[in-house]
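The values are calculated or read from the model by the stated rules, or taken from the named source; none is laboratory data. Keep in mind the model is a prediction, meaning the values are calculated, not measured. Heads up, the Cβs are rebuilt from the backbone with ideal geometry, glycines too, and the neighbour counts pull from every protein chain shown.
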Amino acid sequence: MEKFQTLTALVAPLDRSNVDTDAIIPKQFLKSIKRSGFGPNLFDAWRYLDHGEPGMDNSKRPLNPDFVLNQPRYLGAKILLARENFGCGSSREHAPWALQDYGFRVIIAPSFADIFFNNCFKNGVLPIVLDADVVDGLFKDVYANEGYQLTVDLAAQIINRPVGGAIQFEVDSFRKYCLINGLDDIGLTLQHVDDIRAYEQKRAQQAPWLFQ
Amino acid sequence: MAGKTLYDKLWDSHVVRQQDDGTCLIYIDRHLVHEVTSPQAFEGLRMAGRKPWRVSANLATPDHNVPTTERDKGIADPISRLQVVTLDRNCLEFGITEFKMNDARQGIVHVIGPEQGATLPGMTVVCGDSHTSTHGAFGALAFGIGTSEVEHVLATQCLIQKKSRNMLVSIDGVAGIGVTAKDIVLAIIGEIGTAGGTGYAIEFGGAAIQALSMEGRMTVCNMAIEAGARAGMVAVDEKTIEYVQGRPYAPKGDLWGKAVIAWHELKSDGDAVFDRVVHIDAAGITPQVTWGTSPEMVVSVDGKVPDPEQEPDATRREGMRAALKYMGLAPNTPITAIEIDKVFIGSCTNSRIEDIRAAAQVVNNHKVSKRVKLAMVVPGSGLVKKQAEQEGLDRVFINAGFEWREPGCSMCLAMNADRLEPGERCASTSNRNFEGRQGQGGRTHLVSPAMAAAAAIHGHFVDVRNM
Ligand code: SF4
């Protein structure tokens, strides 16, 4: 997993509550055999004017000019600003895969759905919960200032704004440690290789038929 | 100190290490792999330059996307084909044993694990599929996992988990004639609801569970997930050991003797304490038929479709109305008056040899009703199919007008070509009656194999106890 330490990046606003995982990545794309490549179909139904199916050349599809991510001023955004209950719906890990593949590394919202929140950490995306009024203030700042950027410092747990000072945020210490060090669960478990081997040795004596 | 439950014993024997907050690293003995949830996990391994920790712990087969007819022609849908070909490639690259589509041993992953002896008592068994609970029938700790966890198991042979709570569902006494494992588990879900087991590992016990064959116990554990529990299990007894003996992956010789001694411990201690206990009287269980779009929407075959107006809870009432609308059913319709268009005998719930025998016994010397457009039997594996053919069961079905298909998930979830058309009504031995599960707009009634066979002959539901 990619390490996350500090990030200074353009912010894109997605001004809706209850954005569900089906909206983030519609179900027809789940037949894919890849974990990557979902970026072009992120928010597919909102982003394009036609109906998307796997295998289409997305670069040739008609874009919906009204969808916020299609506006030139938000191209290259790595921080997504969102509203309540972001990521509700199914447990599909394709949702954080799509956000990450598109380029988002941070999502800021007043609240997240549980499973989605967990899945983000497994995929190097930092979801940040802030008070609804703070989020609301950020929405206003983004709209008012083209090219609006934030700096997210995970170690210090601080978001630096161009104007208005720093915002403190909370993050679970264990998850923070994993993100900063780029440790996915696998990387983490592999720190305990000796324990696993010791277990296997002991178990192979107790239950040798499991290790034929 | 109180004794241990079966779940406690299985859990404790697999803890590799425990963190202060109770999170554990647990060891996985068997990992079953299929084509739908594994490609991203293999890709992850590749991208990180990792190798499977213990190749021999994995066993793979394609099941969800495979066609059930004319298999020599390959898979028509290119996206389905690619998922299957990708599994072949990944297994080849990483050295994982795979029963490919045309292997005689191919089948539904939850059928072939036990059939091969790859599922053994005392194991932890996982698969990127929620019905992995099936394998708990062998006194194993078995549960479904997500794609990141599939990769985690491949890379480390472990999973990061927190322990669930203990629940005992005891089916006491003797079940009546014509009442099968499927009816028992549907009755359990009807009783405790689809969230009744959430947060628990369920042990199924009591005389009626002990009386079930291993196939029957697998049917019950299969649907633990439909009761909200990630894992269901049954204690080991002589039937378990007899079933396992001589299977290809089962221990042999000296090891067999040692294993059997250890396996006899795989039951809850007499003084073990469960966080929740549910008792159900087997004598009160009748053949079950679901009427709605959730497995808990179930009634006795001699009952009626319930009336939402009689339901005091507003949320439930709304749910019932929506389900009846989707199902195209009027309140108070007798279940036996519901006519069906298709019959599906198969799925990881009910596609083992015993299920096929039970259905064949009902079908014998009868014909499929003219009103039924399609009645199909899809054996759970190539070996089940072969066994049934040796017993002449295929002829029983074919003579009656059933189609006798190649093994796979088939119309359980309609990811291959087998599906319901909008509005079609199906008597199905599978496990989920969700909207669109068997095809967009399709209407599913979950029943036992004998009940599905009887419905095929009559064109509507009938009480097998009267046949
Ligand atoms: S038969 Fe149905 S429930 Fe079982 S594994 Fe296949 S799709 Fe899933």
Restricting attention to region B:114-153, the residues that are among the hydrophobic types (A, V, I, L, M, F, W, C) and more than 16 Å from the chain's Cα centre (by Cα) number exactly 5
Of the residues in region B:373-383, those that are of a type in the set (A, V, I, L, M, F, W, C) and crowded, with 24+ Cβ neighbours inside 10 Å come to B:Ala375, B:Val377, B:Val378
Could we say that B:Gly401 is within 14 Å of the ligand (Cβ to nearest atom), on the phi > 0 side of the Ramachandran plot and surrounded by fewer than 19 Cβ atoms within 10 Å (Cβ to Cβ) here? no
Expected output for region B:158-171 (first residue more than 14 Å from every other protein chain (Cβ to nearest Cβ), partner among the acidic types (Asp, Glu) and buried (at least 16 other Cβ atoms within 10 Å of the Cβ), Cβ below 6 Å, 6+ apart or cross-chain) is B:Leu168/B:Glu203
Flagged in region B:136-155 as surrounded by fewer than 24 Cβ atoms within 10 Å (Cβ to Cβ) and at pLDDT 95 or above, in numbering order, are B:Ala155
How many residues of region B:179-227 are more than 15 Å from B:Pro114 (Cβ to Cβ) and either within 14 Å of chain A (Cβ to nearest Cβ) or away from the ligand (no atom under 16 Å from the Cβ) (or both)? The answer is 28
Of the residues in region B:157-211, those that are over 10 Å from B:Ala227 (Cβ atoms), acidic (Asp, Glu) and surrounded by fewer than 22 Cβ atoms within 10 Å (Cβ to Cβ) number 1
Filtering region B:113-145 down to residues that are under 20 Å from A:Phe211 (Cα atoms), among the hydrophobic types (A, V, I, L, M, F, W, C) and more than 14 Å from chain A (Cβ to nearest Cβ) yields B:Val126, B:Cys127, B:Ala142
Of (1) within 14 Å of chain B (Cβ to nearest Cβ); (2) surrounded by 15 or more Cβ atoms within 10 Å (Cβ to Cβ); (3) not in a loop (DSSP other than H, G, I, E, B), A:Val193 fails just (2)
Per the filter on region B:180-195, residues in contact with a strand residue (DSSP E or B) (Cβ under 9 Å, 6 or more places away or on another chain) and either touching a residue at least 60 places away in the same chain (Cβ under 8 Å) or over 20 Å from B:Asp281 (Cα atoms) (or both) are B:Lys182, B:Asp183, B:Ile184, B:Leu186, B:Ala187, B:Ile188, B:Ile189, B:Gly190, B:Glu191, B:Ile192
The correct count of residues that are in a strand (DSSP E or B) and either surrounded by fewer than 24 Cβ atoms within 10 Å (Cβ to Cβ) or more than 14 Å from the ligand (Cβ to nearest atom) (or both) in region B:84-124 is 3
Residue set B:Met1, B:Met47; condition modelled with pLDDT under 95, within 12 Å of another protein chain (Cβ to nearest Cβ) and over 26 Å from B:Asp103 (Cα atoms); output residue B:Met47
Those residues of region A:171-187 which are in a loop (DSSP other than H, G, I, E, B) and either under 15 Å from the mean Cα position of the chain (by Cα) or more than 12 Å from every other protein chain (Cβ to nearest Cβ) (or both) amount to A:Val171, A:Asn181, A:Gly182, A:Asp184
Residue hits (region B:189-214; more than 17 Å from B:Val298 (Cβ to Cβ), among the small types (Gly, Ala, Ser) and at pLDDT below 95) are B:Gly199
Taking region B:418-437 and the residues there that are surrounded by 24 or more Cβ atoms within 10 Å (Cβ to Cβ) and part of a loop (DSSP other than H, G, I, E, B), the one that is farthest from the ligand (Cβ to nearest atom) would be B:Leu420
Across region A:1-10, the tally of residues that are within 24 Å of A:Cys178 (Cα to Cα) and touching a helix residue (DSSP H, G or I) at 6+ places or on another chain (Cβ under 8 Å) stands at 4
The condition of being within 12 Å of chain A (Cβ to nearest Cβ) and under 22 Å from the mean Cα position of the chain (by Cα) holds, among B:Ser56, B:Ser38, only for B:Ser38
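What number of residues within region B:242-251 satisfy the criterion of being within 10 Å of chain A (Cβ to nearest Cβ) and either in contact with a Phe, Trp or Tyr (Cβ under 9 Å, 6 or more places away or on another chain) or within 29 Å of B:Arg165 (Cβ to Cβ) (or both)?
The number of residues fulfilling the criteria is 2.
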Quick check on region A:39-50. Is at least one of its residues without any contact (Cβ under 8 Å) to a residue 40 or more places away in the chain and over 16 Å from A:Tyr102 (Cβ atoms)? yes
When every residue in region B:252-290 that is without any contact (Cβ under 8 Å) to a residue 60 or more places away in the chain and part of a loop (DSSP other than H, G, I, E, B) is compared, the one farthest from the other protein chains (Cβ to nearest Cβ) is B:His264
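Is it true that A:Ser59 is away from chain B (no Cβ under 14 Å) and among the hydroxyl-bearing types (Ser, Thr, Tyr)?
Here the answer is yes, as A:Ser59 does meet what is asked.
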B:Gly232 vs (1) away from the ligand (no atom under 16 Å from the Cβ); (2) surrounded by 23 or more Cβ atoms within 10 Å (Cβ to Cβ); (3) outside any loop (DSSP other than H, G, I, E, B): all pass except (1)
If we keep only residues of region B:125-135 that are within 11 Å of the ligand (Cβ to nearest atom) and in a helix (DSSP H, G or I), then the residue surrounded by the fewest Cβ atoms within 10 Å (Cβ to Cβ) is B:Ser130
Return yes when B:Met415 is within 16 Å of the ligand (Cβ to nearest atom) and either surrounded by 24 or more Cβ atoms within 10 Å (Cβ to Cβ) or more than 14 Å from every other protein chain (Cβ to nearest Cβ) (or both) and no when it is not.
-> no
